[in-house]
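Report on the following structure.
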Amino acid sequence: METSQNHLGAASLDLTQVSSGDEVRVRHLACSPTTCQRLREMGFCENALVTKIRGGADLVCWVCGTRVALSARLAKQILVEHVDGKS
Amino acid sequence: MSQDSPKRWIAVVGNPNAGKSTLFNALTGLRQRVGNYPGVTVEKHTGTAFTLHGEAVELIDLPGMYSMAARSPDEEIAVKVLLGESAGLPKPDAVLCVVDASNLERNLFLVTQVMELGLPVLVALNMVDVAEARGIRLHPDQLSEKLGVSFIPTQAHRGKGLVELRAALGQRLLKPGPRQWTMPPPLAVAVGQIASAWRQSEPSELRAEGKALELLAGSDVGPDGARKLATAWRERFRKEAYDWSASVVHARYEYVRKMLGEAGIGSGKLGGTWTDWIDAVVLHPVAGWAVLVGMMLILFMSIFSIAAYPMGWIDGAFTWLGGTIQNALPAGMLRDLLIDGILAGVGGVVIFLPQILILFFFLGLLEDSGYLARAAFLLDRVMHRVGLSGKSFIPLLSSYACAIPGIMATRTVEDPKDRLTTILVAPLMSCSARIPVYTTLLAAAVPVALVPVWGKATAMLGLYVLGTGTAFILAWLFRKKLLGGGSPPLILELPPYRMPSFQTVSLRMWERAILFLRRAGTVILALSIVLWFLSSFPNTSDDPTDKLAGSFAGQMGHGLEPILRPLGFDWRIGIGLVASLAAREVFVSTMSIVYHVGGEEEGLVTAMRSATWPDGALIYTPLTCLALLVFYVYALQCLSTVAVAKRETGGWKWPIFMLLYMTGLAYLAAWLVQGVGRALGFS
């Protein structure tokens, strides 16, 4: 059975470490189950493509065709990888 | 359908801000509140729509939801209605899903869940103009074919697609076919076994799979066999660290993405839009705050400068009316009642209508443009420091208009402790009913002619900042020290900006004007008559001041004076404070009656500025006015707020706490202002 834990090795960044304008793929969510589920329902599910629009204390991301604001501490719990292979 | 058939009930569901209420209003002719931010609708509303064949169907407009797993009180309302568990409403006969065509991937995620309820489904593909402007090519026929339910393109705000929608509502709506997304293997086995056990006990159950998923999620409603199996599987998944709920979301999204890809529907381009350009400024950590403060300053300057003209006209009209009555009626009780009671009380409050409408005009612009969610984003950092998330800021900002919709809007806040904290501090945000009190007391504190408009606007802004700042400090105290626990992280959708609708904004102003005038014509009129009676009888003297002092109201005021004296308030202010316990603006009408000034604002200010203590010292010194202003910033003084807090918290405990802490805070703060001011040599 493939679990989300298997993705951790590939995920070297959290969303706060990504530059604005970069497109990344969600690898793993490391938040509480309830928050994880809400994130997934809003489009931040594993393998989803996310573009970071704006960084700072809080972030704005583009996911599933909408802009979603996230607090930085939540963004730290979203582990991602670059889709173009850059680290 | 025969005329004798019972009415069909159709639930209108969809993601927040998908245009459900706009479509509901267009179909029913009703005027439910709409706006451009997630969470405008927090309550279910019903209305009658007619199909093209004239059949009446009952539509139920529901709060927005991202999934069937409700996480906030407003989402719970929507889910209960869909499951037929809402008191007072039948289970819907069908569902009208409203989806934002510019954001199909996430919107169709919810549709796949709704399709599993076993009800006929019709999909309104709303905002097709926005989607096309973003380069998204829509293929409704292909979507209909792939999902097995009808998709009707609409632009609810322009009334487009309504004929087709009414026609579709008149036809027999399609029940979705079997589930099309592929359940991951370990979960499929579990759901298959649980659903099979359910069907053995209840062969007529049509949505056993959906119920099996609910059992896995923790529901305890179902046959014994199915429940035991669900418990066993849940335990097994836990041991294997298999996040089955994540796999369900993942599988649904995979299906939606694949289906959209096959239908040739992309997700649109990012960048280069008005929204991106505006966001670059309003979300900037420095420029964003400058924009926010600048907008508030413009709001308050408008309240004083633009509103001055219509206020002058209303003032003139009441002065003319008073003069006409004075000339037409002989001296006596009836003339006194009309001029000193009704005109003074009602006119004293109605004069502030233009200022209140300007506030609602600005709030309407913020709500309808999409800026409100940005303000919440900007303030999230501040809110986080006090233990709340930026999401709580939207109810707090709504409370600037009135605490009642503000408290109702807390239903969008998911965390119960966050929600309670937001309810407890919402009445500290200065509502529109405080505007008459603030304006009158600011004018009494400093001669109007000496202060420029920007000075008055800054002073008003200062009172708003005082209330808001205190709300944040107390939120921290309540959230961290009283209720405990950490603040939830912010997850908030930022809708694209749009040009505010003149119709929506003016409708909101119109509704507020009607509400305000109705209140003036009922509650304030009744209180004015009662107060005129209490301040006129028993008639112990011909001298107006002695007559008031000897009246019932005067006796009550004198009884209160020992408690109020440390604050610098005399017995006449005491009458105003008691009379305005039900509604703050009654303070102004009460003082107009107490000082016998008819309905004129300037007359009241002049009378207050010349009022003295028995030793000849002025009562309304700048310091006393400041203490009184601070008292009104903090005091609850609104019975409707207490009632709505009782309903939203489910008991009397928290409303009573709210009343006590706010009254105590108001008294303490006014006493401190007076004490510290005097110690510093002010009078």
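Residue check: B:GLY161 meets all listed conditions (1) within 14 Å of chain A (Cβ to nearest Cβ); (2) surrounded by 20 or more Cβ atoms within 10 Å (Cβ to Cβ); (3) of a type outside the set (Ser, Thr, Tyr) but one, namely (1).
Report whether or not B:SER398 is small (Gly, Ala, Ser), within 14 Å of chain A (Cβ to nearest Cβ) and under 15 Å from the mean Cα position of the chain (by Cα). Judged against the criteria, B:SER398 is not a match. Looking across the stretch B:534-544, just one residue is assigned to a helix (DSSP H, G or I) and surrounded by fewer than 15 Cβ atoms within 10 Å (Cβ to Cβ), and that is B:PRO544.
Report yes if B:GLY39 is without any contact (Cβ under 8 Å) to a residue 40 or more places away in the chain, outside any helix (DSSP H, G or I) and assigned by TED's automatic domain parsing to the domain that holds B:ASP129, otherwise no. So B:GLY39 does not fit the description; no. Evaluation of B:ARG381 against the conditions (1) in a helix (DSSP H, G or I); (2) under 18 Å from the mean Cα position of the chain (by Cα); (3) within 14 Å of chain A (Cβ to nearest Cβ) shows that the sole unmet condition is (2).
Only residues that are at the interface with another protein chain (Cβ under 7 Å from one of its Cβ atoms) and over 11 Å from the mean Cα position of the chain (by Cα) were counted in the stretch A:44-59, giving 4. What tally of residues in the stretch B:206-265 results from selecting those that are of a type in the set (Ser, Thr, Tyr), within 11 Å of another protein chain (Cβ to nearest Cβ) and not in a helix (DSSP H, G or I)? Residues flagged as of a type in the set (Ser, Thr, Tyr), within 11 Å of another protein chain (Cβ to nearest Cβ) and not in a helix (DSSP H, G or I) within the stretch B:206-265 amount to 1.
Conditions tested, residue by residue: (1) over 23 Å from B:VAL451 (Cβ atoms); (2) assigned to a helix (DSSP H, G or I).
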residue	(1), (2)
B:ARG572	yes, yes
B:LEU577	yes, yes
B:LEU581	yes, no
B:MET591	no, yes
B:ALA607	no, yes
B:ASP615	yes, no
B:TYR620	no, no
B:LEU629	no, yes
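Can you confirm whether the stretch B:53-62 contains a residue that is part of a loop (DSSP other than H, G, I, E, B), modelled with pLDDT of 90 or more and surrounded by fewer than 23 Cβ atoms within 10 Å (Cβ to Cβ)? Yes, the stretch B:53-62 contains a residue that is part of a loop (DSSP other than H, G, I, E, B), modelled with pLDDT of 90 or more and surrounded by fewer than 23 Cβ atoms within 10 Å (Cβ to Cβ). In a residue-by-residue description of the stretch A:9-29, the property of being more than 10 Å from chain B (Cβ to nearest Cβ), more than 27 Å from B:GLN113 (Cβ to Cβ), surrounded by fewer than 23 Cβ atoms within 10 Å (Cβ to Cβ) and free of Cβ contacts under 8 Å to residues at least 12 places away in the same chain applies to at least one position. Quick one: in the stretch B:266-287, which of the residues that are more than 29 Å from the chain's Cα centre (by Cα) and within 8 Å of chain A (Cβ to nearest Cβ) is surrounded by the most Cβ atoms within 10 Å (Cβ to Cβ)? Top of the filtered list is B:SER267. For B:ALA188, the conditions (1) loosely packed, with under 13 Cβ neighbours inside 10 Å; (2) over 28 Å from B:ILE10 (Cα atoms); (3) not basic (Lys, Arg) all hold with the exception of (1). Could you list all residues from the stretch B:109-139 that are under 30 Å from B:ASP276 (Cα atoms) and facing chain A (nearest Cβ under 10 Å)? Listed by number, the residues that qualify are B:PHE109, B:LEU110, B:ALA131, B:ARG134, B:ILE136. Checked against the criterion of being touching a strand residue (DSSP E or B) at 6+ places or on another chain (Cβ under 7 Å), modelled with pLDDT under 85 and surrounded by fewer than 21 Cβ atoms within 10 Å (Cβ to Cβ), the stretch B:493-503 contains not a single residue that satisfies it. Looking at B:THR621, B:THR612, just one residue is over 24 Å from B:THR522 (Cα atoms) and surrounded by 18 or more Cβ atoms within 10 Å (Cβ to Cβ), and that residue is B:THR621. Within the set B:LEU636, B:LEU618, B:LEU604, B:LEU623, the sole residue that is closer than 18 Å to B:LEU548 by Cα and touching a Ser or Thr at 6+ places or on another chain (Cβ under 7 Å) turns out to be B:LEU604. Against the list (1) exposed (fewer than 15 other Cβ atoms within 10 Å of the Cβ); (2) without any contact (Cβ under 8 Å) to a residue 12 or more places away in the chain, the condition B:GLY603 fails is (1). Scan the stretch B:96-107 and tell me whether some residue there is away from every other protein chain (no Cβ under 13 Å), farther than 21 Å from A:MET42 by Cβ and not hydroxyl-bearing (Ser, Thr, Tyr). Yes, the conditions are met somewhere in the stretch B:96-107.
Looking across the stretch B:63-95, the residues that are more than 14 Å from chain A (Cβ to nearest Cβ) and part of a loop (DSSP other than H, G, I, E, B) come down to B:PRO63, B:LEU83, B:GLY84, B:GLU85, B:SER86, B:ALA87, B:GLY88, B:LEU89, B:PRO90, B:LYS91, B:PRO92, B:ASP93. When you look at B:ARG257, is it in the same structural domain as B:GLU105 (by TED's automatic domain parsing), crowded, with 16+ Cβ neighbours inside 10 Å and at pLDDT 90 or above, yes or no? In short, no.
The values are calculated or read from the model by the stated rules, or taken from the named source; none is laboratory data. Please read these numbers as outputs of a predicted model, since none were measured by experiment. Counting neighbours? That spans all protein chains shown, and the Cβs are built from the backbone with ideal geometry, glycine included.
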